[in-house]
Structure formats: structure tokens, C-alpha cells
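Have a look at the structure below before the remarks.
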Amino acid sequence: MLLANMAVAHKIFRTFPEQALLRRHPPPQTKMLSDLVEFCDQMGLPMDVSSAGALNKSLTKTFGDDKYSLARKEVLTNMYSRPMQMALYFCSGMLQDQEQFRHYALNVPLYTHFTSPIRRFADVIVHRLLAAALGYSEQPDVEPDTLQKQADHCNDRRMASKRVQELSIGLFFAVLVKESGPLESEAMVMGVLNQAFDVLVLRFGVQKRIYCNALALRSYHFQKVGKKPELTLLWEPDDLEEEPVQQVITIFSLVDVVLQAEATALKYSAILKRPGPEHSLGLEKESDEEPED
């Protein structure tokens, strides 16, 4: 499939250098990527980001096959997706620099979508261009700016489709939580902010944000150690005679969460379970372990 798409891209571009509908994928945002590489170095996770293939090899080589290693890999994969930019359809006649034609993720100079005309209009346009390039139909009578408008519309529809898919998954999972919840699970921290943190819920594979002001905390404190963000939570004790429980939240920390339905229709939230003194220490110890080779 990929080879077919690449071959068609080269054919229509050679034949119609000003009117080819291609697909480009810009490289990741440099500053965000370099900050992430520095963070990984600090965590003892050296990453080769010279290309998308090198990054994938680094992720595969760094982690083992047990449940927690796979969770760490998914967390890191999610983190590396943030600097990535969206792939876009475009008309070749609207860009002068052919270096901008490249597809970063596939590491190829020319690419298009050809193999799925039944579900993508961009492929239909490419089929028409290929038919003309092979002499089965007349040369397309379309100006580059008109073709670019069609490409922009395809980009808009593709992003809308992705967003609807994400919302649909969230909607039906919220129904599950409402009908079967509350649901408890281990979770792994995948992002730390100054008043909240994001987790990957291991049992269900969903991502959720937990807000500090929704927890029974005496206080919380955010700091950065180099590029490593940290939230220190101080829980109110269950008993007045007990000491408050301290819990440190950082990337890859393992925590226990509860998913519960909200009063708002088809919404659910994640709540961090209050750790006991021994359990809290165990979580911090687990999160500090080096990943398996």
C-alpha cells in the first residue's frame, strides 16, 4: 500500500508538476523536541530522534515486554507525539521548496493517498490525475490554487473525522463508567502540570487529567528539577493523631485511580485514591526504578 502511494505520487508529480495532489508531513517542532530529548536524558532514557524510524527503534529498544514497561513505552510515545505536526494534503504548484514536500514519518520525498478512494475524496482526485497521466483521460483543467482549496477542504474533513472518532470513543466509555462504575485501576503518570497531572489508566487504556483541587489535600507544591516536573501532594490524615501522607507525582509514577460518572450527562472523571503511608512509599520506589533494557 505504501509503495503504491509513493509510486503514484512520483508519477503524477512528474507528469503534472504544478497540479499534483500530494501529502506532506513536516518535521517535529524543534524546541519541543529538544526539551523532550533533554528530559529523557535526565531520566536515563537516551533517544535517537534523527528520524522517525530512529525514534521508533529507540522506543522499542529501551523498554521490555512486561505490563509496566509497555505502559512506560506508551507514555513516552504519547509525549513524543506532542511535538509532531499534522500531515497535510497540498497542491505541488503552491510550494516552491521541494524539501517541504517530504513526509517525515515515512522518511520519503514524495507521498500521496491513492489506495482508498472508497473512503477518501483525496484518493479520488489522485485517481483522476493518475488516469490522465497514463493517457486514459484528458489532462485536468484545474488551476493550482483551486486544487489547493480542495486539498484544504480534505485536510479540514480529515481533522474533523479524527476529532469525531475521539469524541465517540470518550462518549461510549463514559456510558460504560456510568453503567458499571465506579471503576478502579492502576494508572501511570504521563504529564505533570502545576495544579494537575495526566494519567494513562492501565486497565482501560484511556487518558485522563486529575486536578489537585478535587483531592483531599492539605497542600501541593509544583517544581521542576531540570526538565523533570514534580508535584508533591500532602494528603490530609484520616485520623487527627496521624501524620499527613506525602506523595510525589512525576512522569512514570504508578498511582491508583477511580473512574466515576459525573452529574453532567455522559461525562466521567478520574480521582486519585488516597495512599496509605506504606503504599505511598511503595509507589515512589516503583516509579524510581530504571526501565528494563
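Assorted remarks:
- Residue count for region 12-51, restricted to those that are part of a helix (DSSP H, G or I), within 30 Å of GLY135 (Cα to Cα) and out of contact with any strand residue (DSSP E or B) (no Cβ under 8 Å at 6 or more places or on another chain): 2
- In the set (1) without any contact (Cβ under 8 Å) to a residue 40 or more places away in the chain; (2) in a strand (DSSP E or B); (3) among the hydrophobic types (A, V, I, L, M, F, W, C), ILE169 fails one condition alone, (2).
- Scope region 70-102; condition within 19 Å of the chain's Cα centre (by Cα) and either within 21 Å of ARG14 (Cβ to Cβ) or in a loop (DSSP other than H, G, I, E, B) (or both); matching residues: ARG82, PRO83, MET84, GLN85, MET86, ALA87
- Failed condition for VAL124, given (1) free of Cβ contacts under 8 Å to residues at least 60 places away in the same chain; (2) within 16 Å of ASN155 (Cβ to Cβ); (3) part of a loop (DSSP other than H, G, I, E, B): (3)
- Checking each residue in region 48-97 for being crowded, with 17+ Cβ neighbours inside 10 Å and among the hydroxyl-bearing types (Ser, Thr, Tyr) picks out SER58, THR62, TYR68, TYR80, TYR89, SER92.
- Of ALA174, ALA105, all but one fail to be over 19 Å from PRO17 (Cβ atoms) and part of a loop (DSSP other than H, G, I, E, B); the exception is ALA105.
- Any chance ILE125 is over 27 Å from LEU59 (Cα atoms) and crowded, with 18+ Cβ neighbours inside 10 Å: yes
- If the condition is being loosely packed, with under 15 Cβ neighbours inside 10 Å and touching a residue at least 24 places away in the same chain (Cβ under 8 Å), then region 98-114 contributes GLN100, ASN107.
- Within region 52-69, the residues that satisfy the criterion of being in a helix (DSSP H, G or I) and farther than 18 Å from GLN29 by Cβ are GLY53, ASN56, LYS57, SER58, LEU59, THR60, LYS61, THR62, LYS67, TYR68, SER69.
- Flag if LEU22 is buried (at least 17 other Cβ atoms within 10 Å of the Cβ) and farther than 30 Å from GLN150 by Cβ: no
- For the condition outside any helix (DSSP H, G or I), touching a Leu at 6+ places or on another chain (Cβ under 9 Å), over 19 Å from HIS25 (Cβ atoms) and in contact (Cβ under 8 Å) with a residue 24 or more places away in the chain, PRO140 qualifies.
- A search for C-beta distances below 7 Å between a residue of region 67-85 that is within 13 Å of CYS40 (Cα to Cα) and any residue that is surrounded by fewer than 17 Cβ atoms within 10 Å (Cβ to Cβ) and at pLDDT below 85, counting only pairs 6+ apart in sequence or on different chains, returns ARG72/PRO291.
The values are calculated or read from the model by the stated rules, or taken from the named source; none is laboratory data. Keep in mind it's a predicted model, so treat the numbers as computed, not measured. Cβ coordinates were reconstructed from backbone atoms using ideal geometry, including for glycine residues, and neighbour counts include every protein chain displayed.
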